[in-house]
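One structure is given here, and the rest of the page talks about it.
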Amino acid sequence: MKIGIMGGTFNPVHIGHIAFVRAFITQIELDMCYVIPARRSPFRMNEPLAEDIHRLRMLELGLHDVALAKVSDIEIQREGFSYTIDTVKALLETYPHATLYLLIGEDQAHRFKEWKDWKELLGLVQLCIIQRTEQANLTTLIHDLIHGLNVKNPLILKTPLFHVSSTLIRELRMSDQSISDYVPKNVEEYILDNNLYLTS
Ligand code: ATP
């Protein structure tokens with residue numbers, strides 16, 4: 001069984017995230033893909049973070065028609081910071097015979113060595129990376145990441161570049177501009193109905 005994992009803050013989910021989940025499922029031929037909003041990232045202590053329940057609900061709306069995607073509250077339910085190594089170990093207890101694939105963006109790949117127990121993590125999952133910028137040199141990045149380690153070679157997912165970030169969406173909202181180009185309609189409605197991201 002092949003199980004995908006995509007974590008993130010999803011503050012809020014955007015069209016890139018959704019396209020990546022679809023590409024991940026198709027290209028790796030996953031049996032299911034867990035999409036897991038983090039409770040609070042240690043890297044993001046200073047950012048405005050929509051309530052957990054809003055971020056979870058927006059992900060469910062954004063992924064409602066992606067049949068093999070499963071939005072999970074495992075990290076939101078867990079006390080303290082969300083660390084991927086803990087999530088991966090929990091999933092391996094539930095699915096001891098599964099092969100786990102972990103999807104991260106280029107920016108996260110650059111800081112992967114700051115992740116808790118990153119070497120152990122690389123031994124437990126097959127890492128998959130999405131390019132985020134035109135000038136990315138993922139081959140060098142991957143070489144640097146796994147150099148000297150006996151782990152699977154990270155894969156690069158084939159997707160078009162998406163020039164979108166959750167930060168951009170929050171900034172557009174704060175300056176009262178439309179976000180309709182960057183989030184699905186139902187997520188936009190949810191953000192407007194709940195007056196999200198109007199203040200920093
Ligand atoms: P923020 O703007 O708040 O930093 P974000 O847009 O990076 O948020 P996250 O929730 O942090 O969104 O992203 C979850 C995962 O998706 C991360 O691994 C991140 O690298 C990746 N990702 C997000 N947006 C893109 C993008 N446009 N291209 C490639 N990867 C992306």
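The values are calculated or read from the model by the stated rules, or taken from the named source; none is laboratory data. Predicted, not measured: the structure shown is a model, and the values here were computed from it. In this analysis, Cβ positions are derived from the backbone assuming ideal geometry, glycine residues included, and neighbour counts consider all displayed protein chains. Protein only, heavy atoms only, side chains kept; ligands, DNA and RNA dropped before computing areas. Shrake-Rupley method; radii C 1.70, N 1.55, O 1.52, S 1.80 Å.
Inter-part distance, the range 116-186 to the range 57-75, computed on C-alpha centroids, equals 19 Å.
Taking the 1.4 Å solvent-accessible surface of the chain as the whole, the part contributed by carbon and sulfur is 49%. A 1.4 Å probe run over the protein chains yields, for the range 16-138, 49 Å² of accessible area per residue, whole-number rounding. Around the Cα centre of the chain, unit charges on the Cβ atoms of Lys, Arg, Asp and Glu (plus for the first two, minus for the last two) sum to a dipole of about 420 debye.
The label point for L168 and the one for A19, both projected 7 Å from the Cα toward the Cβ, are 1.0 nm apart.
Count Lys and Arg as plus one, Asp and Glu as minus one, and take only other residues whose Cβ is under 9 Å from that of L161; the net charge is then 0. Each peptide among 29-36, 4-11 gets the average number of other Cβ atoms lying within 10 Å of its residues, and from highest to lowest they stand as 4-11, 29-36. Over all other residues within a Cβ to Cβ distance under 13 Å of L172, the charged ones net out to -2, with Lys and Arg as +1 and Asp and Glu as -1.
In this rough spin-label picture, where each label sits 7 Å from Cα along the Cβ direction, the L124-R78 distance is 0.7 nm. Subtracting the Cα-Cα distance of Q177 and K2 from 0.36 nm times their residue separation leaves 59.0 nm of extension gain. Stokes-Einstein diffusion of the range 2-163 at 4 °C, 1.567 mPa s viscosity, Kirkwood radius from Cα pairs, rounded to a whole number: 81 µm²/s. When the pairs K2/K113; K113/K158; K70/K119; K116/K185 are compared against a 31 Å limit on Cα-Cα distance, K116/K185 fall above it. Return a whole-number percent for the relative contact order of the range 51-200, with Cα pairs under 8 Å and 6 or more residues apart as the contact set. Averaging sequence separation for qualifying contacts and normalising by length gives 20 percent for the range 51-200. Per-residue ellipticity at 222 nm computed for the chain from its helices equals -11000 deg cm²/dmol, with DSSP H segments shorter than 4 residues left out and the rest contributing -39,500 (n - 2.57).
Extending 7 Å from Cα along the Cβ direction at K185 and again at L92 yields two label points whose distance is 4.4 nm.
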